[in-house]
Structure formats: structure tokens, C-alpha cells
1. Before I look further, what does segment 305-353 give for accessible area per residue, probe 1.4 Å, in whole square angstrom?
2. How much mean residue ellipticity at 222 nm does the chain get from its helices, if each DSSP H run of length 4 or more adds -39500 (n - 2.57) and you divide by all residues, to the nearest 500 deg cm²/dmol?
3. With a point put 7 Å past each Cα toward its Cβ, work out how far residue 196 is from residue 234 in nm, to one decimal.
4. Students sometimes get this wrong: rank 383, 87, 351, 378 by accessible area, probe 1.4 Å, all chains present, largest first.
5. Could you give the angle, 0 to 90 degrees to the nearest 10, between helix 156-166's Cα long axis and the longest principal axis of the Cα atoms of the chain?
6. Got a sec to turn the phi values of segment 80-93 into Karplus ³J(HN,Hα) couplings, 6.51 cos²θ - 1.76 cosθ + 1.60 with θ = phi - 60°, whole Hz, x for Gly and Pro?
7. List the chymotrypsin sites (Phe, Trp or Tyr not before Pro) within segment 1-89 that DSSP assigns to loop and that have no more than 15 neighbouring Cβ atoms inside 10 Å.
8. Under 5 Å between amide hydrogens, which residues at least 5 positions from residue 386 or on another chain qualify, with H placed 1.01 Å from N in the peptide plane?
Amino acid sequence: DGQNVVNIFNNTYIVDEFTNITPSIAEKSGRKLLKDPANPLSIIKKLIESNFPPQEYTVFDPPEPAVTVYENFDSLNFRSDHPGRNKTDTYYLNSDIVLRTHTSAHQGHCFRTISTPGFLISADVYRRDEIDRTHYPVFHQMEGARAWSRDDFATEEELIAKINSDTLKIPSPGLQIIDSNKQFEESSNPKQPGMSPELCIALSNHLKRTLEMVVGGIFTSIRQMDRDSADKEAVQIRWIDAYFPFTAPSWEMEVYWDGDWLELFGSGVTEAPVFDMAQVPNHVGWAFGLGLERLAMLLFGIPDIRLFWSTDLRFISQFESGRINRFQKFSKYPSTHRDVAFWLKEGSDPKDFHDNDFMDIVRDHAADLVEDVKLIDKFTHPKTGRHSLCYRIVYQSMERTLQSDEINALQDNIRSEVAKTFGVQLR
Ligand code: PHE
């Protein structure tokens, strides 16, 4: 009827029972942080790209965040009951279109259209998530992939020989690498049924040596630029078995930093059906997907993921294109908390109440003025059996001191919206 539509990127989508995108999320899709050369995310992006030879890897930055459910899930072998498809996890514009949850959504397009053997895709991605220092419903990923066509070789031996000759022979010098060196493990990290062990091993080695070179390159340039981290010790990384619907075998790379093992990216040997669905059958290759915020927070020492969106001069003036420097903390504005407690509807199960639905209401009313939201209490009335939940909202702005009147007004709006949306009884 012309009224029930949402607009994103000049496109109009007809709302249906799947639509769960909210105005504050729609607005984020227009910010384009990766296009700002002085944003730490785009500095990291450029640094990673500079470690891939441009004649082999094409850079592709898809602006439009709306992709089909097919691109985001089906084309990557996600089963129809995969939890990532749930409305509680993913923003749907309508039942056919989502905001991409990962840059892998563009693999098919790139395999089909890009003429170099590899490509790098960087973009904003969207997940309905909790709210805290390291989670934000919009973040940025870089995807990379490399492929070979079987049709270019007379025999599999020739294909394997080419992959091996394309493979760097020694791992990156700045790294100390912990790797079981088991390229696959039939019980827990199997190779693909149609692939010979020799081919699987050749692809795995190419993947691992390439990514070690890239990660080694990043940490080496950091050590050269940042005199504070002058200790010339090698950075420790390790390869951990993983699972993704579209790669087999699969791994995550973790890096040891500030006393903790941190996951840097997921990766693996691309599954044959992914190439088939991309309409480039008979290809073999690998892919990885890396979270840019994680790496930027670590390298720049940025303590809160919301800062990437800040327009505060004290933040943005600290960075310039092509340079990595330690973020100098400026004083944080004070934080205040308020609780929302309510009784669930009679007979309803607290398991059916999803944190992320609550988070979205908070986000829509208070946007970036909220630092953290947590379920702090769950209680069942001994007589009536009714369930009560209590969420704590921590208000804090990156830009200014919030006044209590302002917080109270936000809190009132959130409370009435919660009561209205979920039919709960506020306490
Ligand atoms: N898309 C995956 C994620 O977001 C990462 C990934 C990309 C894993 C490519 C394997 C290969 O978690």
C-alpha cells in the first residue's frame, strides 16, 4: 500500500513479517567509515591490502549492504536451519533481503566477475548483537580469496605443482608459529570428500603461508612505526581447527597479544559447491574473513568499539592515513545506570525472550549513548510462577556529559516501548 516500505541506499524494500531493521541501523549504513582515509579502520584495511600483490588480488569494496538471503547464506552452503539465519541474529529488510552478516556474501559475485586469481572484499557488516565494549551491531570485515581452475591444467599433478610453486616457501620471519601441521583431520576437520589429500594439503599450505606473510607484514610494520613496542620479539600466532559451512578443512588464526590469545580471522579451503553456485565450476581455492575492528582496537589500543563512529575531534584528530599510532585516551565522560525490570506475560517462558530484541529497543531510543546492557536478574515468583527479568542499562556518551533529565527521558521511553512491544508488566 505504498506505506510499508523501508529505504536503504536509495532502494526501497517492501516490508513483510521478516522485517526487523531499525532506524538507527539503517542510518549507520550511510556513514562509510572505510571511505574515510583517516579512520583507523581504513588505515588497517590499506595496510593489509598493501601486503597482497595487486597483480594477483583485486580490491573490491561493495557499498550496498543489502544482499539476498541467497547470497548471504544459501550460496555459502548454510543449511536451511542454520541459527545464523534467525531473525534474532540477522537484520532482515524483508524475507528475501538481509543486511550482509559477513563479507562472504560477495564471494560468489567476485569469483564470477573478477579476473585476477584472488580478491579482497572490505565492507560494513551487520549482526544483531549484545551491547558492550567490543560488540556493536555494525562492524567491518575484510574477506580474501584465491582460486585456481582445474580446466587450466591437463592433470591434477600439474595443478598441484602450480599451487606449490605459487606458495611462499618460508613462513614470515617476524612470527613464531604454532601449528599442528595437520592439514586435515578426518574426525574433526575433514577434507572435502571429492578432493585428494595431496590437493587439500597444497591448498592448505598456500592459504597458511599467504596469511602468515600478511599478518607478519602487519606486525613488522607496526614494530617499525611504533617505538614503544620496541621489543623485537617475534609475535606468536597459532592455527586452530574451526568449522564454517563453506570451507573444509577450516581454521582460525589466533595471535598472542597483551597476555591473551585473540582470534584474528576464520579461513579454510573453499567447498566445491560454493564454486558451483558461483557459476565457476571446476575451481579450487581458499578464503579468509577478518574483523577489522578487532585488529584496529589491538594495534591502535582503542578501548571501545563505539569510538570508531565518533566525530569528537579529540578522537579523529589523532589519526592520519598510512600511520599506526597508540591512541591517547582522553577522559571518559561519566556513566550512569538505570534498570528496567518487568514481569513476563503469564505462562510465557523466559527462554522465548531474546536479549537482542531488548537491545534493539535500547539502541533505537538511546543510540550511541549506551555503553553496556546486561541481564542482571532473573526471578520466578514462588506463588504465581510468573517470571521477572531485570536489565541494567549503562548510559555513557563518548562526546559529552549526559544530564539526568535526559537519561530519565530516554529511560522512560525505553520502558514504555518495552511494555508495549513485549506486553510485559513493568515493575
Ligand atoms: N565469514 C566468516 C565469518 O564471518 C569468516 C570466514 C570467511 C571463514 C571466509 C572462512 C572463510 O565468521
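The values are calculated or read from the model by the stated rules, or taken from the named source; none is laboratory data. Treat the numbers as computed from the prediction; the structure is a model and nothing was measured. All Cβ positions, glycine included, derive from the backbone under ideal geometry; neighbour counts span all protein chains shown. We work out accessible area using only protein heavy atoms, side chains counted, and drop any ligands, DNA or RNA first. Shrake-Rupley method; radii C 1.70, N 1.55, O 1.52, S 1.80 Å.
1. Numbers: 2890 Å² over 49 residues.
That works out to 59 Å² per residue.
2. Details: 11 runs with 117 residues, N = 427.
After summing the helix terms and dividing by residue count, I get -8000 deg cm²/dmol.
3. Reported label-point gap for residue 196 and residue 234 is 3.2 nm.
4. Greatest to least solvent exposure: 383, 351, 378, 87.
5. So the inclination is approximately 70 degrees.
6. 5, 9, 5, x, x, 7, 4, 4, 6, 10, 10, 8, 9, 7
7. Hits after loop and neighbour filter: 9.
8. 381
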